[in-house]
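Here the structure is laid out as structure tokens; the discussion comes afterwards.
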Amino acid sequence: MVHISMPSAESRQNFGDEGDRLADMTATVERRLVSATWTLRRLPDRERSFMRMRTMMWPEGAQTPGTYAPAGMSYMQARRRIRIEPQEIDAMQPALDMLPLLPDVADRQILFWAAWHQDGEVSAKIPWAKVRRSLGADLSRWTLKRRNDNGLKWLAQIVLAQA
């Protein structure tokens, strides 16, 4: 006869602490990925600026700073123009280097595009339609959400195991 004992209050408390640590680390991993992709989006595209300047003729260039009429800027455009700090660039690469720790390539892509489409701020509602378009996959938003959550938990467990 097999005797199954109920877990003690102490072991339940330890399990609760582990669950809290995992949830905190999952949120930290997601925040770092969102920050890294936002930094990546704001890096200057040297080729695009070179190609634009190649088509400009010298007399058509602006002679004074007031030549162009002031144009309104959206909140997103203003956020994109904020100067990137060196600390953001230094934190970007280690965060993106966590993605290859996921065993499935599709899960890596889901986590990357989910972080990319959050526009630099962790949001409760990820635009799964945009993620689906970026992936080019025909997955439901529930499947994308489940795989994103499982991937974040996987990475959080790896980080906790190394700590």
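The values are calculated or read from the model by the stated rules, or taken from the named source; none is laboratory data. Because the structure is a prediction, the values reported are computed rather than measured. Here the Cβ is made from the backbone with ideal geometry for all residues, glycine too, and neighbour counts use every protein chain on show. Quick note on the areas: whole protein, heavy atoms, side chains included, nothing else; ligands and nucleic acids left out. Shrake-Rupley method; radii C 1.70, N 1.55, O 1.52, S 1.80 Å.
Output the qualifying pairs, or none if there are none: Cβ atoms under 7 angstrom, residues six or more apart or on different chains, first residue in the stretch 96-119 and closer than 21 Å to Ser140 by Cα and at pLDDT below 95, second residue assigned to a loop (DSSP other than H, G, I, E, B) and small (Gly, Ala, Ser).
From the stretch 96-119, no pairs qualify.
Looking at Pro103, Pro94, which one is surrounded by fewer than 11 Cβ atoms within 10 Å (Cβ to Cβ), assigned to a helix (DSSP H, G or I) and on the phi < 0 side of the Ramachandran plot?
Selected residue: Pro94, the only one of Pro103, Pro94 that is surrounded by fewer than 11 Cβ atoms within 10 Å (Cβ to Cβ), assigned to a helix (DSSP H, G or I) and on the phi < 0 side of the Ramachandran plot.
Kindly provide the set of residues from the stretch 79-91 that are surrounded by 10 or more Cβ atoms within 10 Å (Cβ to Cβ) and not in a loop (DSSP other than H, G, I, E, B), ordered by number.
Passing the criteria: Arg79, Arg80, Glu88, Ile89, Asp90, Ala91.
Does Thr37 satisfy the criteria of being in contact with a Phe, Trp or Tyr (Cβ under 8 Å, 6 or more places away or on another chain), at pLDDT 80 or above and not aliphatic (A, V, I, L, M)?
yes
What is the one condition in (1) closer than 24 Å to Ile82 by Cβ; (2) surrounded by fewer than 16 Cβ atoms within 10 Å (Cβ to Cβ); (3) not small (Gly, Ala, Ser) that Asp149 does not satisfy?
Evaluating Asp149 over (1) closer than 24 Å to Ile82 by Cβ; (2) surrounded by fewer than 16 Cβ atoms within 10 Å (Cβ to Cβ); (3) not small (Gly, Ala, Ser) leaves (1) as the failure.
Out of the residues in the stretch 106-133 that are in a loop (DSSP other than H, G, I, E, B) and among the aliphatic types (A, V, I, L, M), which is nearest to Ala36 (Cα to Cα)?
Residue satisfying both the conditions and the ranking: Val122.
Only one of Leu160, Leu135 is farther than 16 Å from Arg41 by Cβ, at pLDDT 90 or above, surrounded by fewer than 16 Cβ atoms within 10 Å (Cβ to Cβ) and touching a Leu at 6+ places or on another chain (Cβ under 9 Å). Can you tell me which?
Exactly one of Leu160, Leu135 is farther than 16 Å from Arg41 by Cβ, at pLDDT 90 or above, surrounded by fewer than 16 Cβ atoms within 10 Å (Cβ to Cβ) and touching a Leu at 6+ places or on another chain (Cβ under 9 Å), namely Leu160.
Condition check: open to solvent by 30 Å² or more (accessible area, probe 1.4 Å) and in contact with a helix residue (DSSP H, G or I) (Cβ under 8 Å, 6 or more places away or on another chain). Does Ala115 satisfy that? Before you say what the answer is, go through the steps one by one.
Working: open to solvent by 30 Å² or more (accessible area, probe 1.4 Å): no; in contact with a helix residue (DSSP H, G or I) (Cβ under 8 Å, 6 or more places away or on another chain): yes.
It is false that Ala115 is open to solvent by 30 Å² or more (accessible area, probe 1.4 Å) and in contact with a helix residue (DSSP H, G or I) (Cβ under 8 Å, 6 or more places away or on another chain).
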